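Read through the structure below, which is laid out as structure tokens, and then see the notes.
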Amino acid sequence: MQVKLEHIIEGMELQSEENHPYLNLKTGEIVYVSLEALLIAKDGEKYEHLPEWQQKEVKLALKIVETFNEYASLPSSYDINEYDMKEDFCFSLSDIKKKERLLNSIRGKGAFRRFKDNVNRFGIYNQWYDYRVKNYKEKAIEFCESRNNDYIE
């Protein structure tokens with residue numbers, strides 16, 4: 001089975017603390033399950049009282065829990081570490097003023113917003129975007145190779 005890297009990358013980008021992406025290792029499909037559904041499935045709680053849409057999600061979570069060898073959790077935000085990615089991007093810049101300004105902007109509260117504002121202000125948004133895409137692609141490839149999954153771009 002071949003997996004599309006763009007699907008892996010999209011799954012990594014769309015995840016949140018409440019929404020976890022998994023790769024179905026048989027079909028190559030990315031599925032999303034909420035933390036709540038996973039907890040219900042793991043705890044063996046009754047779920048028939050839930051709305052139909054939530055029952056479907058819990059059934060999927062149960063399938064993931066019961067057949068864990070058929071699903072792989074995509075790299076988490078901790079694995080991806082956007083902060084380190086931004087910091088590495090800053091250090092990759094040859095313009096010392098931009099580098100220093102961006103490094104200062106990623107510290108403290110509101111760091112990601114300041115970083116984005118400065119990247120736009122300096123006219124290097126496309127450079128940052130390309131750097132970010134490259135990093136996500138590398139993570140997706142590492143993920144596939146670590147599971148011996150074939151992938152296509």
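Okay, here's what the table says:
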{"quantity": "Candidates Ile64, Ile124, Ile106, filtered to the one that is within 24 Å of Arg147 (Cβ to Cβ), surrounded by 15 or more Cβ atoms within 10 Å (Cβ to Cβ) and not polar (S, T, N, Q)", "calculated": "Ile64"}
{"quantity": "Segment 58-79: number of residues that are out of contact with any Phe, Trp or Tyr (no Cβ under 7 Å at 6 or more places or on another chain) and either part of a helix (DSSP H, G or I) or in contact (Cβ under 8 Å) with a residue 12 or more places away in the chain (or both)", "calculated": "14"}
{"quantity": "Enumeration of residues in segment 59-78 that are in contact with a helix residue (DSSP H, G or I) (Cβ under 7 Å, 6 or more places away or on another chain) and within 30 Å of Arg107 (Cβ to Cβ)", "calculated": "Leu74, Pro75"}
{"quantity": "Residues located in segment 84-124, provided they are hydrophobic (A, V, I, L, M, F, W, C), farther than 20 Å from Tyr136 by Cα and not in a helix (DSSP H, G or I)", "calculated": "Phe122"}
{"quantity": "Set Glu57, Glu100, Glu66, Glu87: member being among the acidic types (Asp, Glu) and closer than 18 Å to Gln15 by Cα", "calculated": "Glu57"}
{"quantity": "Filtered residues of segment 35-46 (kept if crowded, with 18+ Cβ neighbours inside 10 Å and either in contact with a Lys or Arg (Cβ under 6 Å, 6 or more places away or on another chain) or free of Cβ contacts under 8 Å to residues at least 24 places away in the same chain (or both))", "calculated": "Ile40"}
{"quantity": "Matching option when the condition is within 16 Å of Arg132 (Cβ to Cβ) and either more than 16 Å from the chain's Cα centre (by Cα) or modelled with pLDDT of 90 or more (or both), among Ile64, Ile40, Ile30, Ile8", "calculated": "Ile8"}
{"quantity": "Elements of type strands (runs of 3 or more DSSP E) contained in segment 1-43, each with 2 or more residues being hydroxyl-bearing (Ser, Thr, Tyr)", "calculated": "30-34"}
{"quantity": "Any hit, segment 84-97, residues being in contact with a Phe, Trp or Tyr (Cβ under 9 Å, 6 or more places away or on another chain), loosely packed, with under 14 Cβ neighbours inside 10 Å and under 30 Å from Tyr22 (Cα atoms)", "calculated": "yes"}
{"quantity": "Given (1) aliphatic (A, V, I, L, M); (2) without any contact (Cβ under 8 Å) to a residue 40 or more places away in the chain; (3) assigned to a helix (DSSP H, G or I), number of the condition Leu50 does not satisfy", "calculated": "(3)"}
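Quick grid of which residues meet (1) at pLDDT below 95; (2) in contact with a Lys or Arg (Cβ under 9 Å, 6 or more places away or on another chain):
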{"position": "Tyr83", "(1), (2)": "yes, no"}
{"position": "Ser94", "(1), (2)": "no, no"}
{"position": "Glu100", "(1), (2)": "no, no"}
{"position": "Phe122", "(1), (2)": "no, yes"}
{"position": "Tyr125", "(1), (2)": "no, yes"}
{"position": "Ala140", "(1), (2)": "no, no"}
{"position": "Glu145", "(1), (2)": "yes, no"}
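The values are calculated or read from the model by the stated rules, or taken from the named source; none is laboratory data. Since the model is a prediction, treat every value here as computed from it, not as a measurement. For neighbour counting, all protein chains shown are included, and Cβ atoms are generated from backbone atoms with ideal geometry for every residue, glycine included.
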